[in-house]
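The values are calculated or read from the model by the stated rules, or taken from the named source; none is laboratory data. These numbers were taken from a predicted model, which means no experiment stands behind them. Glycine gets a Cβ as well: all are built from the backbone with ideal geometry, and neighbour counts include every protein chain shown.
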Amino acid sequence: MKNNNMTIECFNSENIGSYVKPFRKTPVYGPIDSRRLDKSLGINILKQGYYCNFSCIYCECGLDSQFKNQKLIFYELSEIKDGLKKRLASNEKIDTITMSGMTEPTLYPKFGKLIDLVTDLRDTYSPNTPTALFTNGYKLDFKNLNKIDKIFVKLDVGTEEMFQRFNRPKISTLNNTIKQIIKSNTKMIQSIFVKGADGNISDFDNYIKLIKQINPDEIQLYTLLYAYNESFDLHPLSIDELKVLSNEIKKNTNSIVKIYTNPVKEGKIFVY
Ligand code: SF4
């Protein structure tokens with residue numbers, strides 16, 4: 001499989017994690033071409049091993065089993081600082097500095113300090129570049145969270161039962177996630193919907209009820225785009241099916257809804 005030809009037909013267990021592996025070698029990686037954030041310079045907190053507080057059945061990182069024998073080691077703040085400083089001072093084109101992927105960034109033991117570090121370096125070297133966070137909503141009560149310009153929170157379900165089956169949290173509950181989202185005043189939600197016996201589409205009506213409660217400014221809808229664990233019965237939605245979901249959300253809420261589909265554009269692989 002060539003990265004620049006990756007399509008939904010490429011799904012198979014051999015490809016799991018293939019798109020993230022090249023990015024894992026350094027605390028700062030990219031910039032990569034992001035569907036949402038253009039040239040996105042990524043911050044990677046994991047130096048060795050893998051742990052996420054969720055184990056989503058569609059997780060494209062697919063790292064739980066691959067790294068199970070490795071001790072978990074986070075990058076030191078000083079390592080992230082050196083990497084980020086070097087890249088921001090280099091004058092290359094960077095549209096966003098993003099804490100994302102590969103695990104849940106708020107699991108970083110010094111996440112509050114990481115926010116300060118990233119925003120301070122941004123202010124010094126690239127003051128017009130926004131910062132972003134992709135999170136599953138595990139912990140959003142950091143006092144300085146509002147220093148981050150764009151926060152995208154994952155929400156794929158409407159009931160605790162589906163949350164346990166689909167996102168498979170090791171620690172956390174749906175209730176905790178909703179409380180964290182509402183308390184943090186986060187206004188952008190990203191949601192994946194998939195068909196199949198293990199999919200979450202049957203929970204869509206309950207999801208709408210939760211969305212009404214959260215009242216986000218924007219919802220980003222997508223479906224399976226990368227390789228996933230084949231032992232689950234999961235199938236991507238068509239664009240038309242995503243449009244039906246989008247219309248249903250718009251009918252019930254005031255949120256802007258955006259659909260994200262195939263990550264390949266102009267021969268490049270787009271992520272996030
Ligand atoms: S929260 Fe993200 S990294 Fe963690 S299991 Fe789910 S998809 Fe994978």
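Hey, any hits in the stretch 74-93 for a residue that's surrounded by fewer than 18 Cβ atoms within 10 Å (Cβ to Cβ) and within 16 Å of the ligand (Cβ to nearest atom)? No - not one qualifying residue is present in the stretch 74-93. Report yes if some residue within the stretch 31-45 is in contact with a Ser or Thr (Cβ under 6 Å, 6 or more places away or on another chain) and at pLDDT 90 or above; otherwise report no. Yes, that holds for at least one residue. From the list Asp141, Asp120, the lone residue that is acidic (Asp, Glu), farther than 22 Å from Glu60 by Cα and in contact (Cβ under 8 Å) with a residue 12 or more places away in the chain is Asp141.
The condition of being assigned to a helix (DSSP H, G or I) and surrounded by fewer than 20 Cβ atoms within 10 Å (Cβ to Cβ) holds for Ile182.
Candidates Cys56, Cys61: the one that is surrounded by 20 or more Cβ atoms within 10 Å (Cβ to Cβ) and not in a strand (DSSP E or B) is Cys61.
Only residues that are over 20 Å from Asp149 (Cα atoms) and not in a helix (DSSP H, G or I) were counted in the stretch 73-102, giving 9. Only residues that are touching a residue at least 12 places away in the same chain (Cβ under 8 Å) and under 19 Å from Asp33 (Cβ atoms) were counted across the stretch 79-117, and they come to 13. Of everything listed in (1) crowded, with 17+ Cβ neighbours inside 10 Å; (2) assigned to a loop (DSSP other than H, G, I, E, B); (3) more than 16 Å from the ligand (Cβ to nearest atom), the single unmet condition for Leu117 is (2). Residue count for the stretch 211-226 satisfying the condition of being under 19 Å from Met102 (Cα atoms), crowded, with 22+ Cβ neighbours inside 10 Å and aliphatic (A, V, I, L, M): 1. Annotation note: of Lys143, Lys170, the sole residue that is part of a loop (DSSP other than H, G, I, E, B), loosely packed, with under 14 Cβ neighbours inside 10 Å and away from the ligand (no atom under 16 Å from the Cβ) is Lys143.
On inspection, Phe166 qualifies as at pLDDT 95 or above and within 19 Å of the chain's Cα centre (by Cα).
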